[in-house]
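Chemist: My structure is below; once you've seen it, I'll send some questions.
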Amino acid sequence: MFKKGLRFISYTILFTVLSIAVIGFLFLNFSPEFGGAHSTEDKERYTASGHYNEEGFFNLVPTSLDMNVDSIWATLNDYLEGVPNQRPSRPLDILKINKEEIVNNDSLTRVTWFGHSAFLLEIDDKKILLDPMLGDVPAPHPWLGEKRYYEELPISIKDMPHIDAVFISHDHYDHLDYGSIMQLNDKVDDFFVPLGVGAHFKEWGIETERIHEMNWWEDTKYKQLDIVFTPSRHFSGRGLTDRNATLWGSWIVKGIRHTIYFSGDGGYADHFKEIGQKYGPFDLAMMECGQYNQKWGQIHMMPEQTAQAAVDVKAKLLVPIHWGAFTLALHSWTDPAIRVTKKAKELNMPITTPQIGEPIIIGRKNYPISRWWEKYDQ
């Protein structure tokens with residue numbers, strides 16, 4: 001009797017392990033979240049870019065992710081322990097915007113933050129979404145991540161008006177969200193993406209003629225706007241085996257009166273000064289500031305570096321991004337805002353800190369500067 005019971009338990013455990021393995025295999029290989037593969041012709045095209053080799057795309061300067069076995073275990077242990085004030089004490093209040101307000105704006109250059117790195121840019125009567133991760137969880141499955149800090153967006157995808165273009169900085173889940181792209185598809189004319197990211201969009205059924213892949217320092221004209229794709233110091237990947245299979249970077253959008261810079265993700269390096277020298281000054285720079293760790297110092301800026309990078313690109317006004325929506329690193333959720341505003345003041349760099357949904361109107365003397373996050377202190 002005892003042997004039969006032991007055999008039953010053993011079979012149950014084996015069946016459970018095999019079931020998990022099969023489900024994991026099917027998910028990794030058949031879930032559309034992971035995007036598309038790259039053909040031999042694609043890889044030849046990437047190699048011609050000058051930023052790709054047999055290991056994938058690479059940065060302008062040597063960059064290490066510092067993720068050896070010891071580092072991984074130490075980081076996992078840190079995550080299990082957590083840090084104080086990792087999330088707001090309650091859901092964040094947001095400011096709502098309506099469709100007519102966007103549709104009727106044909107003159108203001110306006111930027112509206114949706115949290116993290118997602119923005120609506122209105123410029124010269126064009127409507128552009130930057131890294132529109134508008135889903136609940138920045139992960140390939142809801143079980144694999146924590147939900148955002150607020151329950152509603154400033155405007156839902158369903159209520160959003162026609163969008164001229166979507167710009168993607170790189171293919172990480174907190175910037176490129178499959179569900180958001182699928183919901184936006186019928187509302188958007190064109191998608192501008194780094195080299196290689198087009199494979200994901202093709203896999204998701206988006207027509208090739210609507211996908212515009214760009215290399216670092218490449219420029220183009222789009223509906224009277226000047227577009228430039230510029231470098232960042234980062235990495236890419238959506239699965240277990242596709243690290244650096246696609247390029248990453250930052251975007252410049254130049255209109256008739258105003259020029260905007262969007263940093264994407266990345267560590268601090270000399271490319272910011274080069275961008276500033278070639279294309280600055282910028283009326284507004286949206287600069288990564290959040291989800292950092294000293295161990296990742298080469299691929300994510302610390303807040304003090306964010307302020308310096310804004311100086312480097314010759315920004316007239318800085319808005320810190322990549323915070324205020326998700327907990328993806330081991331710092332308090334308010335740490336980015338506190339530290340970057342302090343450093344910006346030291347550097348005499350004008351900074352704006354909008355609430356989610358609060359518009360920044362470029363060219364106005366008054367812009368959002370409240371310390372709104374303090375009302376969520378625990």
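The values are calculated or read from the model by the stated rules, or taken from the named source; none is laboratory data. Because the structure is a prediction, the values reported are computed rather than measured. Ideal geometry is used to build each Cβ from the backbone, glycine not excepted, and the neighbour counts take in all protein chains shown. Protein only, heavy atoms only, side chains kept; ligands, DNA and RNA dropped before computing areas. Shrake-Rupley method; radii C 1.70, N 1.55, O 1.52, S 1.80 Å.
Chemist: All but one of (1) open to solvent by 20 Å² or more (accessible area, probe 1.4 Å); (2) assigned to a loop (DSSP other than H, G, I, E, B) hold for Arg238, so report the exception by its number.
Modeler: Condition not satisfied by Arg238: (1).
Chemist: What is the one condition in (1) assigned to a helix (DSSP H, G or I); (2) open to solvent by 30 Å² or more (accessible area, probe 1.4 Å) that Lys147 does not satisfy?
Modeler: For Lys147, the failing item is (1).
Chemist: Another question, if that's okay. Mind counting the residues in the range 187-210 that are part of a loop (DSSP other than H, G, I, E, B) and exposed (fewer than 15 other Cβ atoms within 10 Å of the Cβ)?
Modeler: Within the range 187-210, the first condition is being part of a loop (DSSP other than H, G, I, E, B), and the residues that meet it are 195-197, 204-207.
The next check asks that each one be exposed (fewer than 15 other Cβ atoms within 10 Å of the Cβ); those that pass are 205, 207.
Going through the range 187-210 one residue at a time, the tally reaches 2.
Chemist: So, one more: Quick one: how many residues across the range 170-186 are in a helix (DSSP H, G or I) and aromatic (Phe, Trp, Tyr)? Spell out the reasoning first.
Modeler: Pass one, the range 170-186, residues in a helix (DSSP H, G or I): 178-186.
Now drop any that are not aromatic (Phe, Trp, Tyr), which leaves 178.
Going through the range 170-186 one residue at a time, the tally reaches 1.
Chemist: Follow-up. Are any residues in the range 90-114 assigned to a loop (DSSP other than H, G, I, E, B), within 22 Å of Thr353 (Cβ to Cβ) and of a type in the set (Asp, Glu), and if so, which ones?
Modeler: Step one: of the range 90-114, the residues assigned to a loop (DSSP other than H, G, I, E, B) are 90-98, 104-109, 114.
Now drop any that are not within 22 Å of Thr353 (Cβ to Cβ), which leaves 90-97, 108-109, 114.
Selection gives Asp93 alone.
Chemist: Any idea how many residues of the range 173-186 are surrounded by 17 or more Cβ atoms within 10 Å (Cβ to Cβ) and either charged (D, E, K, R) or out of contact with any Asp or Glu (no Cβ under 7 Å at 6 or more places or on another chain) (or both)?
Modeler: Within the range 173-186, the subset surrounded by 17 or more Cβ atoms within 10 Å (Cβ to Cβ) is 173-178, 180-181, 183-184.
Checking the rest, the ones that are also either charged (D, E, K, R) or out of contact with any Asp or Glu (no Cβ under 7 Å at 6 or more places or on another chain) (or both) come to 173-174, 176-177, 180-181, 183-184.
Residues meeting the conditions: 8.
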